[in-house]
Number of protein chains: 6
Amino acid sequence: MVLLTRKSEFSSAHYYWNEEWSAEENQRVFGRCANRNGHGHNYTLEVTVAGEVDPVTGFVVDLKQLKEILEDEVLRVYDHRNLNLEVPEFATRIPTTENIAISIWERLEGKIPNAQLHRVRVYEMPDLFADYYGER
Amino acid sequence: MVLLTRKSEFSSAHYYWNEEWSAEENQRVFGRCANRNGHGHNYTLEVTVAGEVDPVTGFVVDLKQLKEILEDEVLRVYDHRNLNLEVPEFATRIPTTENIAISIWERLEGKIPNAQLHRVRVYEMPDLFADYYGER
Amino acid sequence: MVLLTRKSEFSSAHYYWNEEWSAEENQRVFGRCANRNGHGHNYTLEVTVAGEVDPVTGFVVDLKQLKEILEDEVLRVYDHRNLNLEVPEFATRIPTTENIAISIWERLEGKIPNAQLHRVRVYEMPDLFADYYGER
Amino acid sequence: MVLLTRKSEFSSAHYYWNEEWSAEENQRVFGRCANRNGHGHNYTLEVTVAGEVDPVTGFVVDLKQLKEILEDEVLRVYDHRNLNLEVPEFATRIPTTENIAISIWERLEGKIPNAQLHRVRVYEMPDLFADYYGER
Amino acid sequence: MVLLTRKSEFSSAHYYWNEEWSAEENQRVFGRCANRNGHGHNYTLEVTVAGEVDPVTGFVVDLKQLKEILEDEVLRVYDHRNLNLEVPEFATRIPTTENIAISIWERLEGKIPNAQLHRVRVYEMPDLFADYYGER
Amino acid sequence: MVLLTRKSEFSSAHYYWNEEWSAEENQRVFGRCANRNGHGHNYTLEVTVAGEVDPVTGFVVDLKQLKEILEDEVLRVYDHRNLNLEVPEFATRIPTTENIAISIWERLEGKIPNAQLHRVRVYEMPDLFADYYGER
């Protein structure tokens, strides 16, 4: 088995806000991220898939196909968007790095032909990233 | 004369929109950047100052002081903000990479003790940056 | 479960020397690193913690708190220090990349609220790093 | 147990071609990579070994020795070469990132004294890499 | 005036060979690069253009248009190609980093609307690059 | 004319101390850098040379020769050394990033055959660098 990882980027706005809290409580917990005008990041996404190497092509996964799946399922939806206002899963889930990783997993799971989704890694900044391996 | 460069980062939301144009015209010229919900970036700022090396300290500029100036004049104002909605110069100037570089120059010019502002470089993405050297 | 990783940097001097060996033996085994005047590195530290995402905040761990723990337990002690002469664990343990990773693990273990320390990664140079996952 | 990782680079030409297929089929599956004049990459190789830290030296593995093994077994053979035409394993195996990772594992396995080969990671580009952990 | 820089990548094979020399002389001067089976690199191209910021758009240059010009004039011709065998200018000019920078300048000069080509930078490896500013 | 730049690295210890000042004054001006046990960095050195491209070789400068000059004049002297205690120019000159750039210029000037030294850039950290272009 070989693991293959593809990096992509998307640029989005977001903010942290819990509707059930007062403005003061949001400010206390989320600090500068609680600004509802939004701020933003160049997110880096690393998607890792696992599978056997096809002896005929030498590929675990067709990279052109993988790129199209990432484009259709994630990048087209997240890139140049305000995650809180325009991406459905973040209507009820705060778009932290952790939750973005989980959400991307849910968007990709079961969609990669001939290989298993192994890990979703999301960098919010070069010095902060979250890894999700699915329910385990 | 030696040039000294300090890198900083700020994370902001922005969008491109010319109020005098129709929505269609904004869409045509600015494409995905015309989304008024905003998207965002981790901007990297490189500020270069030029001066003589002080023979007593070995410094062109006191780095602690330079860091405070960058913090007060730029980072505190731009970081975790929506540039269009919260930073005064972008009320009338579209926050393109080019205009952000010019605006940071204007904020810093004349503020660095014992050294001259030489260049402001702003990266919007790792593969796109603008350089401004002042009026010349 | 989600893994969250935070990168930090510290700049330290060190050298490799085994007191029980002759100078020749130290030179033979450690080469240029045996210079007792010391040399130095910009170390990059990646600390990974594992935990459940809090449904209210969207966080595995409070990043502000994590940053303070890293600062208090590691960075304040290692940064701008001579590891051999000023950090207690390296009085008896050679400050190799491997031993620095183990020592940082020991400093952090049990200190992260609501999450488990999962991995400590230390880069001595961009092309050399050690990973420690604790006693296992 | 500690894991130690060393990065190296090699610059090689390659192309993708299955001799049992027509030119059209090669073109359809491999796209621009099917150009038999070759194209090339700066490959980045990360080799990870696992072992106990020697209490006398503080090392999992002697880095000078590790570097020589990488040089002799891999870099001398792959660097500044056309992988398809000059490296024996790629006479019958398409030099995809996946197959390069497996081939380097086979070249290194059992060669590292006092430590176990843990992982071979090969980057073909900064945004694409393959990991191989041996037969498991 | 503002300078705007766009990075792109291309992956090509090349080798160094002077037809007027013996094989021994080529080997002596060009070392491992004289292997006529070719080796390859991920080249990074930085193209810098200079111009006034359009007060209506905030742009020095339309990025979409710049990207298309780079694609048509350079990337489509160089990427996934053997520079010596498939790119006309390298039939008579050895494809060193220096000559690649000059050749890309010649391909782009006069093609950027409303802005001047200022600099072409080509990285052959992360630790080696050439800059060309045109005939001056 | 083409500019060619080569990057190298050296790992050194240093500290900031002015012998004519009290310990308090050194502490006040240099902060954590005033620790005389030393701390250290992975310095990145970029040396840029300028010249005409030789029509026979395609080179501005023979890279193998340039590498040897950098090794002999700079790296062998600075790498794995305590700059304050072991490098002569820093007996009387504080090893700031600015002074290191000037010192490397002085070591290299006039030593590059067929090309002119154009710029010395020294990174002390990824976010701090100094440029020196000689006496002008």
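In terms of distances greater than 26 angstrom between alpha carbons, the cross-link table entries A:LYS7/E:LYS67; B:LYS7/C:LYS7; B:LYS64/D:LYS7 yield B:LYS64/D:LYS7. Inter-copy label distances at E:PRO88, shortest first and taken from points set 7 Å along Cα to Cβ: 4.4, 5.3, 5.7, 5.7, 7.4 nm.
Neighbouring Cβ atoms from other chains, within 10 Å of the Cβ of residues in E:91-97, number 4 on average.
Using the Cβ of B:VAL29 as centre and a radius below 11 Å, the other residues enclosed give a net charge of -2, where K and R count +1 and D and E count -1. Counted by Cβ distance under 13 Å from F:GLU19, the other residues give a net charge of 0, where Lys and Arg count +1 and Asp and Glu count -1. The stretch E:61-102 and the stretch D:66-80 have their alpha-carbon centroids 31 Å apart. Per-residue shielding of C:113-125, expressed as the average number of other chain Cβ atoms within 10 Å of the residue Cβ, stands at 1. Highest mean packing first, where packing is the average number of other Cβ atoms within 10 Å per residue, the peptides D:20-32, A:37-49, C:31-43, B:79-91 line up as A:37-49, C:31-43, B:79-91, D:20-32. When the scattering of the stretch F:12-136 is computed by the Debye formula from its Cα atoms alone, each counted once and equally, what is log10 I(q)/I(0) at q = 0.14, 0.20, 0.22 Å⁻¹? Calculated log10 I(q)/I(0) at the listed q: -0.65, -1.14, -1.30. Between the listed residues C:GLY40, C:PHE129, C:THR5, the Cα displaced farthest toward the positive end of the dipole of the stretch C:2-132, a dipole computed from Cβ unit charges relative to the Cα centre, is found at C:GLY40.
Treating r as the C-beta distance of F:LEU63 and B:GLU109 and R0 as 35 Å, the FRET efficiency rounds to 0.30. Maximal additional length on extending the D:ASN37-D:GLU19 stretch stands at 5.0 nm, based on 0.36 nm per residue less the C-alpha distance.
What you get for the protein assembly as shown, charging only the Cβ of Lys and Arg (+1) and of Asp and Glu (-1), is a dipole of about 0 debye around the Cα centre. Per residue, the average separation of C-alpha pairs within less than 8 Å and at least 6 apart gives the stretch F:2-132 a relative contact order of 32 percent. Using a 1.4 angstrom probe on protein heavy atoms only, the contact between E and D buries about 1900 square angstrom of accessible area, both sides summed.
Here the chain F residue lying nearest the rotation axis onto C, judged by its C-beta and given with the distance in whole angstrom, is F:GLY40, 0.
In the context of the full protein assembly, F:MET1 retains an accessible surface of approximately 90 Å², using a probe radius of 1.4 Å and ignoring ligands and nucleic acids.
The solvent-accessible area of F:TRP17, taken with every protein chain present and a 1.4 Å probe, is close to 50 Å². Can you check what the net charge comes to around D:GLY40, using other residues whose Cβ is under 15 Å from the Cβ of D:GLY40 (Lys, Arg +1; Asp, Glu -1)? Counting the neighbours of D:GLY40, the net charge comes to -2. Global size of the protein assembly as shown: 26.8, 81 Å for Rg and Dmax (C-alpha atoms, Rg to one decimal, Dmax whole).
Label-point distances for F:MET1 to the equivalent site in the other copies, using a point 7 angstrom along Cα→C-beta, read 1.6, 1.6, 5.9, 5.9, 6.1 nm when ranked shortest first. Take D:PRO126, push a point 7 Å out from Cα through the beta-carbon direction, and compare it with the same point in every other copy: 0.4, 0.8, 0.9, 0.9, 1.0 nm, smallest first.
The values are calculated or read from the model by the stated rules, or taken from the named source; none is laboratory data. As the structure is a prediction and not an experimental result, all values here were calculated from the model. Every residue, glycine as well, gets a Cβ built from its backbone with ideal geometry; the counts of neighbours run over all protein chains shown. What goes into the accessible areas is simple: the full protein's heavy atoms, side chains included, and nothing from ligands, DNA or RNA. Shrake-Rupley method; radii C 1.70, N 1.55, O 1.52, S 1.80 Å.
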